[in-house]
Amino acid sequence: MDTKFNFADVGDRVVYVKSVDVAGLPEDVRQAAGDREQLFAVHDSEGLQLALVAEREMAFLLARQNDMRPVTVH
């Protein structure tokens, strides 16, 4: 049985929150991140990054304030 999950099928109001290693980001973003080793990205169902924030809780709050339903992606 094939049980592939397609995020695009969930709907436009769902956004995905995932951790991002600062070391892999562009230099200007690394500088803005200060001493943080990790940031949190919010992506839409098409994979487009909507935001990059310092804290996981902030990512969830931002999504909810914009009437979106955040879920964590590992």
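None of Val22, Val17 is touching a Ser or Thr at 6+ places or on another chain (Cβ under 6 Å) and modelled with pLDDT of 95 or more except Val17. When every residue of region 39-56 is checked against the conditions, at least one turns out to be of a type in the set (Asp, Glu), more than 19 Å from Ala23 (Cβ to Cβ) and within 9 Å of the chain's Cα centre (by Cα).
Within region 16-74, take every residue that is of a type in the set (D, E, K, R) and in a strand (DSSP E or B) and give me the one that is surrounded by the most Cβ atoms within 10 Å (Cβ to Cβ). The residue in question is Lys18. When Thr3 is tested against (1) modelled with pLDDT under 95; (2) among the hydroxyl-bearing types (Ser, Thr, Tyr); (3) touching a strand residue (DSSP E or B) at 6+ places or on another chain (Cβ under 6 Å), just one condition goes unmet, and that condition is (3). The residue pairs whose first member lies in region 47-66 and is at pLDDT 95 or above, whose second member is surrounded by 12 or more Cβ atoms within 10 Å (Cβ to Cβ) and of a type in the set (Phe, Trp, Tyr), and whose beta carbons are closer than 6 Å, counting only pairs six or more residues apart or on different chains, are Val53/Phe40; Arg56/Phe40; Ala59/Phe40.
The values are calculated or read from the model by the stated rules, or taken from the named source; none is laboratory data. Here the structure is a predicted model, which means the values were calculated and not measured. A quick note on method: Cβ atoms are made from the backbone with ideal geometry, for glycine too, and the neighbour counts reach across all protein chains shown.
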